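Please read the structure below before turning to the comments.
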Amino acid sequence: MKKSGSILIVIMLTLISQYSFSQTDSLHLLCPFENGSGREPKEAFTWDPPEKKIIMITKMDTIIRSCIDARVSNVNPTEDERFEIVIYYKEYYFWYYGVTKPLVKRGDNLKAGQALGLYKPGTEVEFRMFKKEEPLDPRSLLDCKTPNDQ
């Protein structure tokens with residue numbers, strides 16, 4: 001009886017871990033810009049492993065949107081007189097760096113597509129995604145147009 005109970009526990013833990021892993025695949029993230037696109041980071045340094053972030057830019061939009069239904073974790077000023085906004089959904093955190101003026105405050109609940117802040121067209125916004133503290137590559141989850149789509 002003990003052996004079959006142990007096997008059942010192992011099977012359940014395996015299924016739970018597989019479900020937790022596959023939850024990322026089911027996330028659908030709206031593009032922070034309606035008309036923007038992303039590009040690979042161009043840095044003076046090469047990081048090993050490469051940083052998991054997207055540099056986003058648009059010449060048309062003035063609003064940065066929430067990529068998902070979420071809650072605002074932090075709104076912080078940065079050294080370059082812009083802002084960093086962090087939102088979270090379950091165990092996922094999304095960082096927006098380069099916001100010109102925040103339109104949200106800590107603790108606000110957001111709907112996907114809701115305005116987070118203002119943006120100066122042509123400047124860069126850095127977008128990062130984390131699961132707990134583990135950086136993730138959001139490229140396959142973001143519903144953004146690529147330059148070829150426009």
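The values are calculated or read from the model by the stated rules, or taken from the named source; none is laboratory data. None of the values given here were measured: they were computed from a predicted structure. Cβ atoms come from the backbone with ideal geometry, glycine included; neighbour counts cover every protein chain shown.
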Before we move on, is GLY117 crowded, with 19+ Cβ neighbours inside 10 Å and at pLDDT below 95?
-> no
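Yes or no, residue by residue, for (1) under 13 Å from the mean Cα position of the chain (by Cα); (2) more than 16 Å from LEU136 (Cβ to Cβ):
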residue: ASP69; (1), (2): yes, yes
residue: THR78; (1), (2): no, yes
residue: ARG82; (1), (2): no, yes
residue: TYR89; (1), (2): yes, no
residue: TYR96; (1), (2): yes, no
residue: ALA115; (1), (2): no, yes
Regarding LYS120, is this residue basic (Lys, Arg) and out of contact with any Ser or Thr (no Cβ under 9 Å at 6 or more places or on another chain)?
-> no
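From the list VAL72, VAL104, exactly one residue is part of a loop (DSSP other than H, G, I, E, B) and β-branched (Val, Ile, Thr). Which is it? Break it down stepwise before answering.
On the way: VAL72 fails: part of a loop (DSSP other than H, G, I, E, B).
Answer to the check: VAL104.
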If ALA112 satisfies every condition in (1) of a type in the set (A, V, I, L, M, F, W, C); (2) surrounded by 19 or more Cβ atoms within 10 Å (Cβ to Cβ); (3) in a loop (DSSP other than H, G, I, E, B) but one, which is the exception?
-> (2)
Report, by residue number, each residue of region 31-75 that is at pLDDT 85 or above, among the small types (Gly, Ala, Ser) and crowded, with 20+ Cβ neighbours inside 10 Å.
-> SER66, ALA70
Test set (1) within 17 Å of SER26 (Cα to Cα); (2) hydrophobic (A, V, I, L, M, F, W, C); (3) in a loop (DSSP other than H, G, I, E, B) - PHE94 fails condition number | (3)
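Kindly evaluate ASP108 against the criterion of being in contact (Cβ under 8 Å) with a residue 24 or more places away in the chain and touching a His at 6+ places or on another chain (Cβ under 7 Å).
Here the answer is no, as ASP108 does not meet what is asked.
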Out of THR78, THR123, THR62, report the one residue that is more than 15 Å from LEU29 (Cβ to Cβ), without any contact (Cβ under 8 Å) to a residue 24 or more places away in the chain and of a type outside the set (Lys, Arg).
-> THR78
